[in-house]
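K.L.:
My questions all concern the structure below.
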Amino acid sequence: MVEVGRKYVFDFDSTLTRVEALDVLAEITLKDKANKNEIISEIQKITNLGIDGDISFTESLERRIKLLNAHRDNLELLVSELRQKISKSIESNKDFFHNYSEDIYVISCGFKEFIDPIVKEYDIPSSRVYANTFKFDAEGFIIGFDEANVLASHNGKIECLRSLKLEGEVQVIGDGYSDYVMREAGIADKFFAYTENISREKATRKADHVTPNLDEFLFVNDLPRKISYPKNRIKILLLENVHEAAFVNLSNEGFTVELVKSSLSEEDLIEKIKGVHVLGIRSKTQVTKKVLDAADKLMVVGAFCIGTTQIDLDNCRRKGVVVFNAPYSNTRSVVELAIGQIIMLMRSVFPRSMEIHSGQWNKTAANSREVRGKNLGIVGYGNIGKQLSVLAEAIGMRVYYYDVADQLALGNAVKCNTLEDLLNVSDVVTLHIDDNKANNNFIGEREINQMKDGAMLINLARGFVVDIPAMVNGLKSGKLGGAAVDVYPEEPGSNGNFITELQGIPNVILTPHVGGSTEEAQRDIANFVPNKIMDYINSGNTVDAVNFPNIRLPKQINAHRFLHIHKNVPGVMAKINEVLARYEMNITGQYLSTDNEVGYVISDLDKEYNKEVIKALKRIENTIKFRVLY
Ligand SMILES: NC(=O)c1ccc[n+]([C@@H]2O[C@H](COP(=O)([O-])OP(=O)(O)OC[C@H]3O[C@@H](n4cnc5c(N)ncnc54)[C@H](O)[C@@H]3O)[C@@H](O)[C@H]2O)c1
Ligand SMILES: O=C(O)CC[C@@H](O)C(=O)O
């Protein structure tokens, strides 16, 4: 045991449990009352006034007990409900209460009738629980409390703790001002404001340390704990207005998350990335070598989109930074937009719409054609190209496709052996090739000339795949009958002014890179990518990482997990096992995956370990990153 003589004084309501017990009791006793909600909110109001010290505690207790109208028989159900409502990190660190039982006290203004049975399961005996007791009438109704108990009076916790005459450093852990006062009175040495369930400004402002969970408390005290590094210490920076569900998902997991609406320039990101463990971006933010060099803590980059060429994937890998993306979430959205654009272009809807906006009625069938029976050329038959193929056939189009990879035709789609074959035959050409830099100016003057006269060109892939001046010439000369462009060689980092040579050309639909920007897609991405991030941080899983050896692992129970990322050179694995053997660690599972440059080894170990083993593992030559999970 680390610190001899230190004493830990815990509050009960909203600290050891996620709730205020009297609120739960109110739910039980008032469940059949018509005005239940009103009474409960009145009780909560009174509870908060008492906790923050705005009314005397005695008054708060008296008023609540009257409103509660509870009976002794209700207490059994209350205890069983409270058992389900132990704070998450208290529950996961039950061993701490077991191992330090002698040094742990509960001082609460709640009631022993429900606190004792709960904390007993955490090895805190009734003799170290200081709390109020109820008074019952002859029929068993709760009619009051023992007024002689110091805890029934204002700031009673001070007197209670004083009377205990505890020796050694006394640390108080609680959510309320009434816990802080013990520190203010000089009887406790430190006050930890416990915010896992509620954050009370009055308590956090005064605290020596704000602890969002027990993991953090154990971490700062260097005490044994369930997870080696508290999640609240993991900083996540989300840029480019990613869907707020991502913020909610990651915050609920306990991480510290910051949301920024726009992308950041390289210079600003270099400044901001310091201390960040996880970076979330979309297509605009460039994660360059310089950014990575400035990133002292970075473990993961989450691309909340499909494309990843904005990220220096190789340098990420070399630095042990794992990159995830969302390869499927927005594909349907892009496909639906493509279908809409095909129809709008073929019917010349935008010129007709522009005319009428400027006060002109031009009812005509010129340049207005059905899509039924027309040839659609899909370039890039991947996740988007294939879905589009199916939907386009469903509205009667004949689909041709071209892909550098050997892709199986869906439905009646016809595979073209060359791009030229596809361009020659298509009434509409739509681009869905990936964001590989080799695709720069993939469609230029030569390719446009290979298209049918008056054919349409759609680019929903990446701006740089089309030579814009060639496209402009094609449109102005009439070679192209129209175009829809969603992506541009240079796109702004945030909303505002934007100039392109394509502006003002008839039958050209311009959208600001919104192919994947639907509520459905963004919400799906905001679940998908955070899940990947959490899985990596919590278990070490790298399944679906775009730049890293993939390992899928079960969550380990009752084991320690060491994650070792190293340069893939001969002998590292042997050295890892040599160190583990030297420290007599028993390996219960070991997983290795490598690529040309990097090796990723996960070792599960079944016993308490000497901290020196960690230093020794970090010292192994060619180590890139090392992390202990639990
Ligand atoms: N506009 C938007 O908002 C938006 C949204 C999502 C995706 N995208 C972009 O759409 C594109 C397609 O996405 P996906 O998920 O279908 O990708 P994918 O990787 O599943 O498919 C791309 C296909 O293109 C093929 N390909 C690559 N280069 C080629 C070339 N030179 N010639 C022929 N085929 C080639 C690949 O073999 C692959 O089959 C990507 O560039 C992506 O970034 C844009
Ligand atoms: O949302 C974005 O910024 C990019 C959308 C799209 O281009 C993608 O790569 O998924």
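The values are calculated or read from the model by the stated rules, or taken from the named source; none is laboratory data. Note that the coordinates shown come from a computational prediction; the quantities given were computed from them, not determined experimentally. Neighbour counts are summed over all protein chains in view; Cβ atoms, including those assigned to glycine, are modelled from backbone coordinates with ideal geometry.
K.L.:
Answer with yes or no whether Ser333 is in contact (Cβ under 8 Å) with a residue 12 or more places away in the chain and either loosely packed, with under 14 Cβ neighbours inside 10 Å or of a type outside the set (A, V, I, L, M, F, W, C) (or both).
P.N.:
yes
K.L.:
Okay, next question. Please go through (1) without any contact (Cβ under 8 Å) to a residue 12 or more places away in the chain; (2) of a type in the set (D, E, K, R); (3) crowded, with 20+ Cβ neighbours inside 10 Å for Arg561 and return the number of the only condition it doesn't satisfy.
P.N.:
Failing condition for Arg561: (1).
K.L.:
Where residues in region 443-461 are touching a residue at least 60 places away in the same chain (Cβ under 8 Å), in contact with a helix residue (DSSP H, G or I) (Cβ under 7 Å, 6 or more places away or on another chain) and within 16 Å of ligand 2 (Cβ to nearest atom), which of them is nearest to Leu345 (Cα to Cα)?
P.N.:
Per the stated criteria, the residue is Ile458.
K.L.:
Could I ask something else about it? For a quick check of your reading of the model, give me the residue pairs whose first member lies in region 292-317 and is in a loop (DSSP other than H, G, I, E, B), whose second is more than 14 Å from ligand 2 (Cβ to nearest atom), with beta-carbon atoms closer than 6 Å and at least 6 apart or on different chains.
P.N.:
Ala295/Ile273; Asp296/Lys274; Lys297/Gly275; Lys297/His277; Leu298/Val321; Met299/His277; Asp312/Thr288; Asp312/Lys289
K.L.:
For Arg233, state whether it is touching a His at 6+ places or on another chain (Cβ under 9 Å), more than 16 Å from ligand 2 (Cβ to nearest atom), more than 16 Å from Asn531 (Cα to Cα) and outside the structural domain of Asn367 (by TED's automatic domain parsing).
P.N.:
Yes; evaluated as a whole, the condition is true for this residue.
K.L.:
When you scan region 496-532, how many residues do you find that are out of contact with any helix residue (DSSP H, G or I) (no Cβ under 6 Å at 6 or more places or on another chain) and assigned to a helix (DSSP H, G or I)?
P.N.:
10
K.L.:
Sticking with this structure for a sec: If I filter region 15-36 down to residues being surrounded by fewer than 22 Cβ atoms within 10 Å (Cβ to Cβ) and part of a loop (DSSP other than H, G, I, E, B), which single residue comes out as nearest to the chain's Cα centre (by Cα)?
P.N.:
Among them, the one singled out is Arg18.
K.L.:
With (1) part of a loop (DSSP other than H, G, I, E, B); (2) under 19 Å from Glu81 (Cβ atoms); (3) not hydroxyl-bearing (Ser, Thr, Tyr) as the list, and Ala138 as the residue in question, which single condition is left unmet?
P.N.:
Failed condition: (2).
K.L.:
Please pick out the residue among Ala394, Ala438 that is under 19 Å from Thr308 (Cα atoms) and free of Cβ contacts under 8 Å to residues at least 24 places away in the same chain.
P.N.:
Ala438
K.L.:
Could you count how many residues in region 294-334 are under 18 Å from the mean Cα position of the chain (by Cα) and away from ligand 2 (no atom under 16 Å from the Cβ)?
P.N.:
Selection size over region 294-334: 6.
K.L.:
When the residues of region 564-596 are filtered to those that are assigned to a loop (DSSP other than H, G, I, E, B) and among the acidic types (Asp, Glu), which remaining residue is surrounded by the fewest Cβ atoms within 10 Å (Cβ to Cβ)?
P.N.:
The initial filter retains those residues of region 564-596 that are assigned to a loop (DSSP other than H, G, I, E, B), namely 568-571, 583-586, 595-596.
Restricting the remaining residues to those that are among the acidic types (Asp, Glu) gives 584, 595.
On the way: Glu584: 10, Asp595: 13.
Once the filter is applied, the top-ranked residue is Glu584.
K.L.:
Continuing with the same structure: Given the conditions (1) under 38 Å from the mean Cα position of the chain (by Cα); (2) within 25 Å of Thr285 (Cα to Cα), report the number of the one that Glu501 does not fulfil.
P.N.:
Looking at each condition in turn, Glu501 falls short on (1).
K.L.:
While we're looking at this one, here's another question. Cβ-Cβ under 8 Å, sequence separation 6+ or interchain: first residue in region 533-547 and part of a helix (DSSP H, G or I), partner modelled with pLDDT of 95 or more and hydroxyl-bearing (Ser, Thr, Tyr). Which pairs?
P.N.:
Matching pairs, first to second residue: Tyr536/Thr542.
K.L.:
Let me ask something else about it. Just checking: which of the strands (runs of 3 or more DSSP E) contained wholly in region 166-217 hold 3 or more residues that are among the aromatic types (Phe, Trp, Tyr) and surrounded by 22 or more Cβ atoms within 10 Å (Cβ to Cβ)?
P.N.:
190-194
K.L.:
Hey, can you tell me all the residues within region 422-432 that are surrounded by fewer than 23 Cβ atoms within 10 Å (Cβ to Cβ) and part of a loop (DSSP other than H, G, I, E, B)?
P.N.:
Listed by number, the list holds a single entry, Asp427.
K.L.:
While we're on this one: From the list Ile86, Ile65, Ile107, Ile43, which one is under 19 Å from Val172 (Cβ atoms) and buried (at least 17 other Cβ atoms within 10 Å of the Cβ)?
P.N.:
On the way: Ile86 fails: under 19 Å from Val172 (Cβ atoms); Ile65 fails: under 19 Å from Val172 (Cβ atoms); Ile43 fails: under 19 Å from Val172 (Cβ atoms).
After applying the criteria, what remains is Ile107.
K.L.:
Also, quick follow-up: Inspect region 364-377 for any residue being within 16 Å of ligand 2 (Cβ to nearest atom) and either of a type outside the set (Phe, Trp, Tyr) or under 30 Å from Ile234 (Cβ atoms) (or both) and give the result as yes or no.
P.N.:
Among the residues of region 364-377, not one is within 16 Å of ligand 2 (Cβ to nearest atom) and either of a type outside the set (Phe, Trp, Tyr) or under 30 Å from Ile234 (Cβ atoms) (or both), which makes the answer no.
K.L.:
State which residue is farthest from ligand 1 (Cβ to nearest atom) when the search covers only region 504-532 and only residues that are free of Cβ contacts under 8 Å to residues at least 40 places away in the same chain and farther than 28 Å from Val287 by Cα.
P.N.:
The residue in question is Gly504.
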